[in-house]
Amino acid sequence: MARMTIELAGLELFGYHGVLAEEREHGQRFLVDVWLDVADTTSGQTDRIEDAVDYRRVVAAVREISEGRAYHLLEAFATALADTLLERFPVAKARVRVRKPDVRLELPSEHSAIEVERARD
């Protein structure tokens, strides 16, 4: 069976995730990239949103998870996102990357990131 991949790149969130007290108090930007593998079924032929994964609902789920609690680790945040997307949507696989573009490290850095992938059994 053929598969299609939905990609949502660079969803920008403001959240209170992080290990440092300053991160949890003041918050910071996060960029979320999502890839969802779906079966190539009817949406390509019918051109109906009812037969597809609605991107708006995916974005709402990402926002809900980010705003639902503060995570210490990017790993835990990305895992919660991937698990939720796999649970809520008719997808075979969910891959999520969370980037922290304003990370403060000893050396200059473009971002820190974690990527998590979850698949149905």
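The values are calculated or read from the model by the stated rules, or taken from the named source; none is laboratory data. Just so we're clear, the structure is a prediction, and the values are computed from it rather than from any experiment. Every residue, glycine among them, receives a Cβ derived from its backbone with ideal geometry; neighbour counts consider all protein chains shown.
Taking the options Thr42, Thr84, name whichever one is at pLDDT 95 or above, within 24 Å of Arg120 (Cβ to Cβ) and among the polar types (S, T, N, Q).
Matching residue, one of Thr42, Thr84: Thr84.
Taking Glu67 as the residue in question, decide whether it is within 15 Å of Val116 (Cα to Cα), within 14 Å of the chain's Cα centre (by Cα) and in contact (Cβ under 8 Å) with a residue 24 or more places away in the chain.
no
Which one of these does Glu12 not meet: (1) at pLDDT 95 or above; (2) of a type in the set (D, E, K, R); (3) more than 13 Å from the chain's Cα centre (by Cα)?
Evaluating Glu12 over (1) at pLDDT 95 or above; (2) of a type in the set (D, E, K, R); (3) more than 13 Å from the chain's Cα centre (by Cα) leaves (3) as the failure.
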